[in-house]
1. Over its Cα atoms, what ratio of radius of gyration to 2.2 N^0.38 Å does region B:5-54 give?
2. So for B:T21, A:T143, fewest C-beta neighbours within 10 Å to most, what's the order?
3. Enter the mean number of other protein chain beta carbons within 10 Å of the beta carbon of each residue in B:8-15, as an integer.
4. Please state the charge dipole magnitude for region B:5-54, taken about the Cα centre, from unit charges on C-beta atoms (+1 on K and R, -1 on D and E), reported in debye and rounded to the nearest 20.
5. Just checking the output field for B:19-28: average partner chain Cβ neighbours within 10 Å of each residue's Cβ?
6. FRET efficiency for A:R107 and A:H20, Cβ-Cβ distance as r, R0 = 25 Å, nearest 0.05?
7. Would you tell me the mean number of C-beta atoms belonging to other protein chains that fall within 10 Å of each C-beta in B:60-69, as a whole number?
8. Lys/Arg Cβ at +1, Asp/Glu Cβ at -1, dipole of region B:5-54 taken about the Cα centre: which of B:V8, B:H31, B:L52 is farthest positive-ward?
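No value in this document is a laboratory result; all are computed from the given coordinates. Keep in mind it's a predicted model, so treat the numbers as computed, not measured. Please note: Cβ atoms are built from the backbone with ideal geometry, for glycine as well, and neighbour counts cover all protein chains shown.
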Amino acid sequence: MRRHTRRIYNLCYRFTGNAHEAEDLTQEVFLRVYRTLGSYRAVHGGFTTWIASVTRNLLIDHYRRSRRDRLTDSLEEVLPVIEQKESSAPRPDQSAARGELSQQVQRALLQLSPELREAVVLRDLQGLDYKEIQEVLQVPEGTVKSRINRGRIELARLLEQMGVRPSPA
Amino acid sequence: MSWTCEHVEQRLSEYLDRLLTPAERAEFAAHVQACPRCRPRVEHLGGVVSALHRLAPLEPPPRLVQRILEQTSGAEAARGWRRRLPGWLLPVFTPRFAMGAVTVMIAFLVLSQALGISWSQVSLADLHPSHLYRAADRRLNLLYARGVKFVNDLRVIQELQSRLQPATPPEGSEPQELPPANKQSEQPEQRRQNHADEILHHRMLLAYFGLTLQNGTGLPPGRIRP
Ligand SMILES: [Zn+2]
């Protein structure tokens, strides 16, 4: 339970950049998971993948809703600015040492388009493999590959601009 | 055909994720080795990706688990369920039992995955307690024989589940690896979280007994009267 809570919470937080929204969304995911447990089929991939799908669909709904609320027209160019404001909302408790890179990554993530952001979060922060991500996003394999690649390249460029140059392990 | 800078950029992630064939990998490496433009890019991206993989997951606030427990055992959650439930299950699904029963279902899902039961062939009728009881057969009996302790110890379920997904890389960054200084400051929260888990375990037990008693299949193995 705690493990799933953590996974879902992290996915929501990394996508929205807002601790309060991440909490509400995690709670909503659990409710939805319980209501739709009957539709879960082991053959469609693992339980973790299934939960990630439920979470992802909710995040997309949430994203569209908040975009409608805040913008009268579709002004996608304005999005990064708006989302950066969101990210100034309270953050979860964390030790200062590991917090800095985590927050820089968060700032950079929020500047990615939602398509690229979710691909990178699922791959590199949630540890899903390409096949699982294909399952979650319901897009062709080639699209998964290209989104992960473009997302990472864009993220690396943004981090470099912020002066973040992590050394390989 | 030797690779261009565009080829390299397109396949960068596949290179880092070791998804290229040996031949492709060789082409990739040959270009990067010789190209002053691509080499620093590949190194930087490799550094970023491995930093992402090492990033510790954020701890959700302890009150979140509590909130989830409260809401999923609330009246609203129960109402939606009831409509779709067969009659024999209705009395069990009072709000009080809803959360625990659901957790038991999750546990069954996890167990059945481990035991190789295919849920695509399972209908709601198969979830009738007596069916469940028989289907779970000796293996579950064996587990149950270890008593309440097993059900209480959700770690067993978590372990089963992690064995189902052995190749997930970031599991290594679970919070057990927190430095001691960190751990101390988190202890009160940890305790609260444990308390929440305890409530959950009790609910699981209640739900289990609720199901078996409801059906008249009696008590868990070892305590069935002749
Ligand atoms: Zn080049």
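1. Here the answer is 1.09, to two decimals.
2. Neighbour counts put them in this order, fewest first: B:T21, A:T143.
3. Details: counts 0, 3, 5, 2, 6, 14, 4, 1.
Counting other chains' Cβ atoms within 10 Å and averaging over B:8-15 gives 4.
4. Here region B:5-54 has a charge dipole of around 200 debye.
5. Working: counts 3, 0, 0, 0, 0, 0, 0, 0, 0, 0.
That works out to 0 on average.
6. About 0.90, to the nearest 0.05.
7. 6
8. B:L52
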